[in-house]
């Protein structure tokens, strides 16, 4: 109850706009300025943060060394922290926020400290890691890493971040970066709520974004920018829906025809080096990349390279044989398919292993009609198909486990097909039924939540199909299946673990927010993701309820989200606006009902 | 019928992807390359198009002189054409499209000419203007300018554009820029459908975008970029909804307090020089800027500077007194208001006159309850308010006419209040009722169409208000009043003049597509406008029906729009994708129902 009072006050003073909201947070009203030469230590050792001055063609240039090498074996906890400190201080010093949009019109001066006041500086940032990282810290199973952190800033300018793991410290640095503002003059960077004491930890262990990089092509830079933004929001998983019916954008050296014939264009595919770069880029930011190769459905594209492996390839009418064109599924009783998958997994899984505990084999939307056209099956009967699917899944999961990885599947494998799954398997729901999450838990399996009615960011744009003049009236006004748009308030209202017992909750690893790419590509992806994915991020980190058990209020969230959005824009991500400026300036008393 | 056959073929060959579609278009299959030194003439005189080579610090730099000075008196038809030719050839040579997304996977080679083939070059572009521009060409009333053009390219490489007005020639140059592709090697820029013969003219005279630049702040660069994109789509009007309740972003030297107190922040307002720059930037691109100062509603912001002029300022509960907070309306029977408006108009209108035939005084959503709180009225009765509104409108319109301008009002002034309007007045509908457009025409008035059910690009994002936990269930799932999203197919289906007689049609000046800014700002505006506004652009230029009287098909439009979108992205505008690449590569046979 005490905490909710703190937040009530925070809301009206606009001073404590952290996102996601920490578990515990107390603050005062003392102004501190951050010293341009703030001394940073990590477990007592000096952290050499940039900018470092170089000579370039006779001119001095400041360079921020914010990126590690892609050689993962070179990583140490120290090198990860050093790069993170550099990114954090680069953001604090060069991408900070003059918060004029967050205070009443022409009244920023009431919030800002006087530019010419005597300054007390934050002169040190002391980082202490109380535990020791292991290899699992950087590629964890859900729950394997303690991500908690503490952050304090004293009135005399001593900042301290501590955490059990380096991952927790990364989160603490993200929080640190949200505490500061840029003065509207060149007076510097300040915090006006010292002393600060924050104690924080996530509610859910698996906090992910699933992004479809098959249906449209995304360059590596688009993915790394997404990773940056995820880290700002304390996500820790990036699920890459790598392949689907429409394209195969991943080079597989053992099966080169896959991307040569299946990429949207030769060259528009990720090389092994690209994948490693993405994985390590994420890893150094506390994010684990999970690669999905969806099967046996959504595999038409494999037929471009290996037509003998696919049943119902391009079958028409397509809406009989698949949810989206082009149709085609891996044959279900084919030794050639088994051989193909063994080769495929043997190639990919060792490249996954250094960076992730998981491998995702999909399993959604298997279309039974395709197997009528599959000469190895010739049936659409569940009684025929189920044992074949079980065999298919067992083969995959055995190979995944043999490579030291844990399988993830879409919920249909359990909820629709009732297959037997290992206890290790994570079952990912997307809201096939309203009880999807509970059904998985009731079956005793670990679950990832997510729901097309709440957390599908692609919904509400309308149909992506074109309609003939003859079918026009049938589909008018062209709403999509998961309309309406999931605006941030709807995303924020999702509460899949309501009314669960502690025993049930123990099976919930966390969840993922989703972006399918039928109508999104690199030009629009930042706007489609942000700030709506941030709303999911707070549910995943902080939970739907506050410490008093009340659902978090839009009136509390809205100004904080608006501030986060401005910070994200300043950091180079084109997040959409939360509200018009009038509302962000006056949110407490206006723009609400 | 012949034309529709042409288009049927075009659809399957993907070769004639012009947007908006011209009235007449024939083409062949001869390949031509555009000569890097193509000679351009205008009425026999040489057109000096860039790039012109300059020396910069010892290094050669190519500079494209694509922008005129802002001194409108320096404009000539020749200078406008010269700048337009430069922009066109800059686009053709440096921002062109390798159309891999528009042809089947890995089959671009079937479309492209061989890189090493013997080349026939387009060596000349001959521009002929058959009429003479007058001052009205550059600030026309609807219908005052002949915007038609003809464009031919012969098989031996002679390109010709002719038009009655320079405006028509600008449109011809836009079409010209859409005929070329960049080769995937460095072989050059080609057209593979010579000979070409295009004869084209718009269906509607007034083809506009209305953008709300009050509720969020847009820098000048955001507006000029919008003007560029409008010109590519053959729009000819930009309606700036300049002021609303939330902010006053326009400096008025005679009333400096308006922007000083009413801008979102001091400095976030357009100076007279900014406005002139926007107006002339548009004018040189064939686009007339129309400024709206909305009144008597939507004027709360005036109260920040002149509280004595506003009734019901910030009245609560706001949903009783206005459609959006903050509430407040100009008092309706106040000599102080009259004096204020006379000063305001005396300042603004002479700055409008060089660039536009119109001035828009709004008139939407007048809230009668406010006048109960207006000591000059003290009534909410129509019988009391109507004569006062008539007097208010007459005063405004008299002054507008005295400055040589023509008034525009929102439809409520006629359709709701049944005021007496001059025959010169343009009445802008937004779909207050389904018969809005017909009602205006039936009353014998000139009309602009537009409809919140079709052409409101802001719709479908969900509510922008925040809801308390108490009101949460009432508004869940937070759909906005004009949901669903107007996707491009819905925009494209709008047909406000269906079943009109020729006499009725004569009163239809054209229409406008709208973007209100509660949830849009400069970060997201390009994505919010494009390519959906393009769909409105084709309805305005080409009409909902083809030459045979059939409604245009999504299957014809979709690949053309997808190509336009790629061109827009290459030209620097972040238009959203029309479909996933699989569909743009295979649209004819897949991705439709």
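Bear in mind these aren't lab numbers, they're just calculated from the coordinates by the rules spelled out. Keep in mind the model is a prediction, meaning the values are calculated, not measured. Backbone-built Cβ (ideal geometry, glycine too); neighbour counts: all protein chains shown.
Under a point spin-label approximation (7 Å from Cα along Cα-to-Cβ), what is the residue B:548-residue B:134 distance to one decimal in nm? Label-label distance for residue B:548 and residue B:134, simple model: 4.2 nm.
Working ranking of peptides B:192-203, B:28-39, A:534-545 by packing, defined as the average number of other Cβ atoms within 10 Å per residue, highest first, is A:534-545, B:192-203, B:28-39. Remark: the Cα gyration tensor places the protein assembly as shown in the oblate category, a/c being 1.5 or greater and a/b not exceeding b/c. Shape summary: segment B:240-279 maps onto an equivalent ellipsoid whose semi-axes, from the alpha-carbon gyration tensor, are 15, 12, 9 Å in decreasing order.
State the Kirkwood hydrodynamic radius of segment A:428-546 in Å, one decimal place, computed from all pairs of distinct Cα atoms.
Values: mean 1/r = 0.0641 Å⁻¹.
One over the average 1/r among Cα pairs gives 15.6 Å for segment A:428-546.
For residue A:48 and residue A:78, calculate 0.36 nm times their separation in residues minus their Cα-Cα distance, and state this gained length in nm to one decimal.
9.8 nm
Kirkwood hydrodynamic radius computed over chain B comes to 25.3 Å, based on all pairs of distinct alpha carbons.
Among B:143-152, A:119-128, the peptide with the highest mean count of other Cβ atoms within 10 Å heads the list, and the full ranking is B:143-152, A:119-128.
At a 10 angstrom cut-off on C-beta neighbours, averaged per residue, how do the peptides A:549-556, A:514-521, B:461-468 rank from highest to lowest?
Working: A:549-556: 17.2, A:514-521: 23.5, B:461-468: 21.4.
Result, highest mean Cβ count within 10 Å first: A:514-521, B:461-468, A:549-556.
Largest first, the extents of the alpha carbon coordinates of segment A:467-515 on the three principal axes equal 55, 20, 20 Å. Pair-distance distribution P(r) for segment A:302-403, from all Cα-Cα distances in 10 Å bins starting at 0: 14, 44, 32, 10, 0 percent.
Just tell me how shielded A:469-475 is by partners: mean number of partner chain Cβ atoms within 10 Å of each residue's Cβ, no decimals. Display every interim value, and only then the final one.
Working: counts 7, 2, 3, 5, 0, 1, 3.
For peptide A:469-475, the averaged partner shielding equals 3.
Once Rh is set to the Kirkwood radius over Cα pairs, what Stokes-Einstein translational diffusion coefficient, in µm²/s, holds for segment A:14-200 at a temperature of 4 °C and a viscosity of 1.567 mPa s? Walk me through the numbers before you get to the answer.
Numbers: Rh = 17.6 Å.
Result for D is 74 µm²/s.
Note on segment A:214-243 and segment A:318-360: Cα centroid distance 21 Å, given to the nearest whole angstrom.
Ranked by Cβ crowding within 10 angstrom, fewest neighbours first, how are B:388, A:240 ordered?
Details: B:388 19, A:240 27.
Ascending number of Cβ neighbours within 10 Å: B:388, A:240.
Can you pull the mean other chain C-beta count within 10 Å for peptide A:512-525? Please report the intermediate quantities before stating the final value.
Working: counts 0, 0, 0, 0, 1, 3, 6, 7, 3, 9, 3, 12, 7, 1.
That works out to 4 on average.
How would you classify segment A:108-239 from its alpha-carbon gyration tensor, with a ≥ b ≥ c the square roots of the eigenvalues: rounded for a/c under 1.5, else prolate if a/b is greater than b/c, otherwise oblate? Taking the square roots of the gyration eigenvalues as a ≥ b ≥ c, segment A:108-239 is oblate.
Label-to-label distance for residue B:107 and residue B:158 is 3.7 nm, based on points extended 7 Å past Cα in the beta-carbon direction.
Quick one: Cα centre-to-centre distance for segment B:282-305 and segment B:507-573, in angstrom? Centre-to-centre (Cα) distance: 23 Å.
For segment B:134-208 and segment B:366-393, what is the separation of their C-alpha centers, rounded to whole Å? Result: 50 Å between the Cα centres.
With r defined as the distance between the Cβ atoms of residue B:146 and residue A:316 and R0 fixed at 51 Å, what FRET efficiency is calculated, to the nearest 0.05?
Working: r = 49 Å, r/R0 = 0.95.
Calculated transfer efficiency: 0.55.
Add -39500 (n - 2.57) for each DSSP H run of 4 or more in the protein assembly as shown, then divide by its residues: what number comes out at 222 nm, to the nearest 500 deg cm²/dmol? Display every interim value, and only then the final one.
Values: 40 runs with 374 residues, N = 1186.
Value at 222 nm, helices only, nearest 500: -9000 deg cm²/dmol.
Bridges between two residues of the protein assembly as shown, per DSSP, are antiparallel at a rate of about 40%.
Taking the number of other C-beta atoms within 10 Å as the exposure measure, put A:412, A:288, B:590, A:24 in order starting with the fewest. Numbers along the way, then the final one.
Numbers: A:412 22, A:288 25, B:590 19, A:24 14.
Exposure proxy ranking, most exposed first: A:24, B:590, A:412, A:288.
Counting, for every residue in B:545-555, the Cβ atoms of other protein chains within 10 Å of its Cβ and taking the mean gives 2. Put in order of Cβ neighbour count within 10 Å, fewest first, the listed residues A:244, B:314, B:424 become B:424, B:314, A:244. Distance between the pseudo-spin-label points of residue B:500 and residue B:403 (7 Å out from Cα toward the beta carbon): 2.9 nm. Between rounded, prolate and oblate, where does segment B:206-542 land on the alpha carbon gyration tensor, with a ≥ b ≥ c its root eigenvalues, rounded for a/c under 1.5, else prolate if a/b exceeds b/c? Since a/c stays below 1.5, the shape of segment B:206-542 is classed as rounded.
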